[in-house]
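Enquirer: Structure incoming, see below.
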Ligand SMILES: Cc1cc2nc3c(=O)[nH]c(=O)nc-3n(C[C@H](O)[C@H](O)[C@H](O)COP(=O)(O)OP(=O)(O)OC[C@H]3O[C@@H](n4cnc5c(N)ncnc54)[C@H](O)[C@@H]3O)c2cc1C
Ligand SMILES: *[C@@H]1O[C@H](CO)[C@@H](O)[C@H](O)[C@H]1NC(C)=O
Ligand SMILES: *[C@@H]1O[C@H](CO)[C@@H](O)[C@H](O)[C@H]1NC(C)=O
Ligand SMILES: *[C@@H]1O[C@H](CO)[C@@H](O)[C@H](O)[C@H]1NC(C)=O
């Protein structure tokens, strides 16, 4: 019997006077019980991000030749989570908190990626690289679900993640090379009902004592500044070419602490299963099986997001420990206005999210990256889909009509996008990730040494880097025989085991 759990993420009133074509009464995520995820699709749609020449120099690194045969830590997945974990290992190894393995000169870390480097989601991350920490959005729901202290940390973690990522790019001298833009973020509200919802979240955050840095804009302000007659609320935020960011982060990790860290990368190397090694065979605990042979590992970090349940079947959704794959769709649309008119802001509104890419000259019309409109797919809203080798034409039709309707005169109605692609997100029932040791309540000791940071529910950019940092801290603590102390920004409900008790 399949079980349905319908979560109404946010309600929109359908009474808008505007004829924005894809307003739905509710953006829904329908979680139906499903089998463990497939491996990543071998032939994904081409994204603007990954298929611009020169954008992915690490695409096939380590895909041929000898496979690394063993490592202290094996990271599965070379997206923002896996590469952030590599970065945090590089940053901490060799210090007292994270000593080098006894009898060895370096900590050996290997990253195993099923497809090309950062192929999978680097093109999806908020469809264009929106690196947007929530300031207060959904505060009432988050506080009701997790309590006030965890709610404060929930927002603090996103703030930490985005400011730290921007700081690293600047300090490394590669902020421009990855198109890091501190252009702010705008939530656009099409109806009074939606405005009231957002206001209520703002009021609740203020009442809870949260400092909130936002500017409210009236419909008239928005019309004159941006050409759309809708309310807006502006908050700090960044956008970035995420693949380039992750590439630079990997290179920096590889260049840092080389005396203490041996970092290897094997792309096009899917991990197909994980088998325990008996102590008589190896001092390592786990064999990661791949079509190229096995890698023996002491620790394993699952950075596989939507695909986690392929290797961890107990995490098939939608139960309390489940991660459910959900397909999202994005396109790159040429605007018919200057960047000055559009602004460098990244936007969210009415189940769409978009932002204009930087331009080379003032008279160049920017390419705008737009995603969302998942409800146009009809139930079950792309839930359970791991095939990003194709696009959904219904979603595509609605996306094409969105910006011309929202910004009259600034986009040419009927213009075809320059690229269109899909990617798979990893949803959880509470929309928060799982961070920590892999725990199967039915077999509590079955995964000793395995850790996970996954299940960002389509909102991983301002979270993944910090979640990876937490997992690396846990591994460091375990090696040193210490108890892990959560950083001040870590929300306790994210920890594995907190939610995944059997449901009544
Ligand atoms: C269309 C779309 C829109 C999005 N919009 C937003 C947004 O607006 N804001 C936001 O913050 N986030 C957004 N996201 C989500 C964001 O992209 C993710 O949260 C983030 O990329 C997760 O990073 P990750 O490294 O954990 O996972 P991924 O980037 O998915 O990386 C996981 C990697 O693991 C690899 N892998 C999986 N299984 C195996 C295996 N068995 N062996 C080897 N490798 C394996 C995969 O190939 C993949 O490269 C969106 C995603 C999509 C697809
Ligand atoms: C508030 O946000 C703006 C950008 O929206 C930023 O310039 C400013 O520094 C922020 N202030 C604080 C105190 O964070
Ligand atoms: C990591 O650094 C080493 C040593 O400089 C280098 O040989 C190797 O190619 C680098 N790896 C990648 C993927 O760039
Ligand atoms: C808008 O489109 C028209 C017709 O294609 C074109 O002549 C004009 O240059 C465009 N304007 C901008 C700013 O892109």
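Each reported figure results from applying straightforward, stated rules to the coordinates on display, with no laboratory input. All figures in this text were calculated on a predicted structure; none of them were measured in a lab. Please note: Cβ atoms are built from the backbone with ideal geometry, for glycine as well, and neighbour counts cover all protein chains shown.
Enquirer: Considering the zone a paramagnetic label at residue 96 would reach in this model (a point 7 Å from Cα along the Cα-to-Cβ line), which residues of the stretch 248-262 have amide N under 20 Å from it?
Expert: Only 260 fall inside the zone, counting backbone N under 20 Å.
Enquirer: Can you show me the helix-derived [θ] at 222 nm for the chain, built from DSSP H runs with n ≥ 4 at -39,500 (n - 2.57) apiece and divided by the number of residues, rounded to the nearest 500.
Expert: -8000 deg cm²/dmol
Enquirer: Using 0.36 nm per residue of separation minus the Cα-Cα distance, give me the extension gain between residue 213 and residue 43 in nm, one decimal.
Expert: 57.0 nm
Enquirer: Which FRET efficiency value, to the nearest 0.05, is calculated for residue 443 and residue 492 with the Förster distance at 30 angstrom and r the Cβ-Cβ distance?
Expert: Calculated transfer efficiency: 0.80.
Enquirer: Can you tell me the orientation of helix 148-171 relative to the chain, as the angle in degrees between its alpha-carbon axis and the longest Cα principal axis, to the nearest 10?
Expert: Roughly 80 degrees between the two axes.
Enquirer: Here's a follow-up. Express as a percent, rounded to the nearest 5, the fraction of DSSP beta bridges in the chain (both residues included) that run antiparallel.
Expert: 70
Enquirer: How big is the convex hull of the Cα atoms of the chain, per residue, in Å³?
Expert: 145
Enquirer: Then there is this: Label residue 483 and residue 394 with points 7 Å out from Cα along Cα→Cβ: what is the distance between them in nm?
Expert: For residue 483 paired with residue 394, the spin-label model returns 5.2 nm.
Enquirer: In nm, give the distance between the simple-model label positions of residue 272 and residue 338, each being 7 Å from the Cα along the Cα-to-Cβ direction.
Expert: Using points 7 Å along Cα→Cβ, the separation is 5.7 nm.
Enquirer: By the gyration tensor of its Cα atoms, with a ≥ b ≥ c the square roots of the eigenvalues, what is the shape of the stretch 206-252: rounded for a/c under 1.5, prolate for a/b over b/c, or oblate?
Expert: Note, shape of the stretch 206-252 comes out oblate.
Enquirer: For the stretch 101-218, would you read off the P(r) tail past 20 Å as a percentage of all alpha carbon pairs?
Expert: When every Cα pair of the stretch 101-218 is considered, 61 percent fall beyond 20 Å.
Enquirer: If neighbour count is taken as other Cβ atoms inside 10 Å, put 134, 229 in order from fewest to most.
Expert: Exposure proxy ranking, most exposed first: 229, 134.
Enquirer: Label the stretch 52-109 by shape, choosing from rounded, prolate and oblate, from the square roots a ≥ b ≥ c of the eigenvalues of the Cα gyration tensor; if a/c is under 1.5 it is rounded, and otherwise prolate applies when a/b is larger than b/c, oblate when it is not.
Expert: oblate
Enquirer: Something else now. Any idea how far the Cα center of the stretch 431-504 sits from the one of the stretch 409-427, in Å?
Expert: Rounded to whole Å, the Cα centres lie 34 Å apart.
Enquirer: Set the Förster radius R0 to 22 Å, insert the Cβ-Cβ distance between residue 144 and residue 196 as r into 1/(1 + (r/R0)^6), and round the FRET efficiency to 0.05.
Expert: Given R0 = 22 Å and the Cβ-Cβ separation, E is 0.80.
Enquirer: Same structure, new question: Ranked by Cβ crowding within 10 angstrom, fewest neighbours first, how are 275, 132, 256 ordered?
Expert: In order of increasing Cβ crowding within 10 Å: 275, 256, 132.
Enquirer: OK, next. Which of 391, 206 comes first, and how do the rest follow, when ranked by fewest Cβ neighbours within 10 Å?
Expert: 206, 391
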